[in-house]
């Protein structure tokens, strides 16, 4: 299995890399994102085998089966051990790891928030931490991870990397824009290898800083900069597994199809569904649910991808989706345009940089987003999510967080008879307690280990949205 950049020239001249090379690299040198040269196909016999593996051996065994198709430069015995170490009942609380919960006929919730930081990001980040530690030890090297978070990626990364040998984490986040619980999860960590930087701006400013550093190849090489954001293929690859696990729980036979609704800001979570569908998982529709920052909904409705500036990015009650530049969207557009790297480079490298938008509405390929790839979308507002949280709790006795509420609201718009819809849960409600109180008039339940977390001492550095400033900070702390 070899990997290429979304901006690579097609044909024999495209640079092909192994999994462990791109694991530690993040962005490609040309500014693109890595994808497999081709998606491995899962036929009916393999799907039946995987169903049996999941039912009898559990999630870790299924993860090994899926990841083995993408990783051929880690010995199978080692990869199996990494999966077994990552996906345990002790870490995720249940044998299924991602159990399904019925909300109503035809509408199921897939629980992805049973990990250490109570958010779906743990599903991939716990694996990534173990992969990093394994590969760095094998090479005798160190890695400085630079990331950006709108809320959940940061804590998931830091909890996965804290205390790991050979790894430092430099995590940027928008100052004052995360919930108090999210801030406390990150800023209360005192591990020496964890550095939190609160940036004056929005998430997109943080993401731009990460990309600017990643595109400075000399700095990147000198300080061995890697990434845990969803631009890292390993994270997205790990997320593919729970689409298969959800499907096996929701169906009895491989002749059945299901749809998935995914709350989406940076497009990584739903892009994993796209990959699963390309592999052959019987997915009917992939429903993209956005909040008031509806860049992705606008694209799937109109064909126009139009990023917003800092002043036009709304601060909402589902803050992890307050994103107007969806990094992983480039991976899907690469497939949508027939894997034309030169054209993708022109769109994402040139048009977005100069004009902040591109328009595919007149391109015949745009129609394939829905017809060939199954994508549809919808939008949810603060009023919508309050109503959905209230309705879901009163009718079904299930408390959901704000992002999951956005997905449930949009999922209901696409329900159809005979087709099961699975909503991917994002986080536990406690992470967004203020909105839960507004909707329900009561505090959400809080796991015992997080009692009083907001009152713990905090260690965080405030910084302007300046790539040179973060470079200086990294250099200072790697001296």
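Candidates are the residues of the range 441-453 that are surrounded by 15 or more Cβ atoms within 10 Å (Cβ to Cβ) and assigned to a helix (DSSP H, G or I); the one that is modelled with the lowest pLDDT is 450. With respect to the stated conditions, residue 127 is in contact (Cβ under 8 Å) with a residue 60 or more places away in the chain, touching a helix residue (DSSP H, G or I) at 6+ places or on another chain (Cβ under 8 Å), more than 22 Å from residue 321 (Cα to Cα) and crowded, with 24+ Cβ neighbours inside 10 Å. Apart from one condition, residue 462 fits all of (1) surrounded by fewer than 14 Cβ atoms within 10 Å (Cβ to Cβ); (2) at pLDDT below 95; the exception is (2). Of the helices (runs of 4 or more DSSP H) contained entirely in the range 361-424, those carrying at least 1 residues that are within 24 Å of the chain's Cα centre (by Cα), surrounded by 24 or more Cβ atoms within 10 Å (Cβ to Cβ) and touching a residue at least 60 places away in the same chain (Cβ under 8 Å) fall at 382-396, 402-413. Screening the candidates 48, 63 for the property of being surrounded by fewer than 23 Cβ atoms within 10 Å (Cβ to Cβ) and modelled with pLDDT of 95 or more yields one hit, 48. Scanning the range 194-219 for residues that are surrounded by 20 or more Cβ atoms within 10 Å (Cβ to Cβ) and farther than 16 Å from residue 324 by Cα yields 194, 195, 196, 197, 198, 199, 213, 214. Can you pull out every residue in the range 87-115 that is at positive phi and either part of a helix (DSSP H, G or I) or in contact (Cβ under 8 Å) with a residue 40 or more places away in the chain (or both)? Across the range 87-115, the qualifying residues are 97, 106. Evaluate the following for residue 428: is it more than 27 Å from residue 278 (Cβ to Cβ) and either buried (at least 19 other Cβ atoms within 10 Å of the Cβ) or at pLDDT 95 or above (or both)? For residue 428, the condition - more than 27 Å from residue 278 (Cβ to Cβ) and either buried (at least 19 other Cβ atoms within 10 Å of the Cβ) or at pLDDT 95 or above (or both) - is met. In the range 431-440, the condition of being in contact with a helix residue (DSSP H, G or I) (Cβ under 8 Å, 6 or more places away or on another chain) and in a loop (DSSP other than H, G, I, E, B) is met by no residue. Looking only at residues in the range 244-280 that are part of a loop (DSSP other than H, G, I, E, B) and touching a helix residue (DSSP H, G or I) at 6+ places or on another chain (Cβ under 6 Å), the one that is farthest from residue 50 (Cα to Cα) is 265. Out of the residues in the range 348-360 that are in contact (Cβ under 8 Å) with a residue 24 or more places away in the chain and touching a strand residue (DSSP E or B) at 6+ places or on another chain (Cβ under 7 Å), state the one that is surrounded by the most Cβ atoms within 10 Å (Cβ to Cβ). Taking the candidates together, the pick is 358.
The values are calculated or read from the model by the stated rules, or taken from the named source; none is laboratory data. Computed from a predicted model, the values in this text were never measured in an experiment. Cβ: placed from backbone, ideal geometry, glycine included. Neighbour counts: every protein chain shown.
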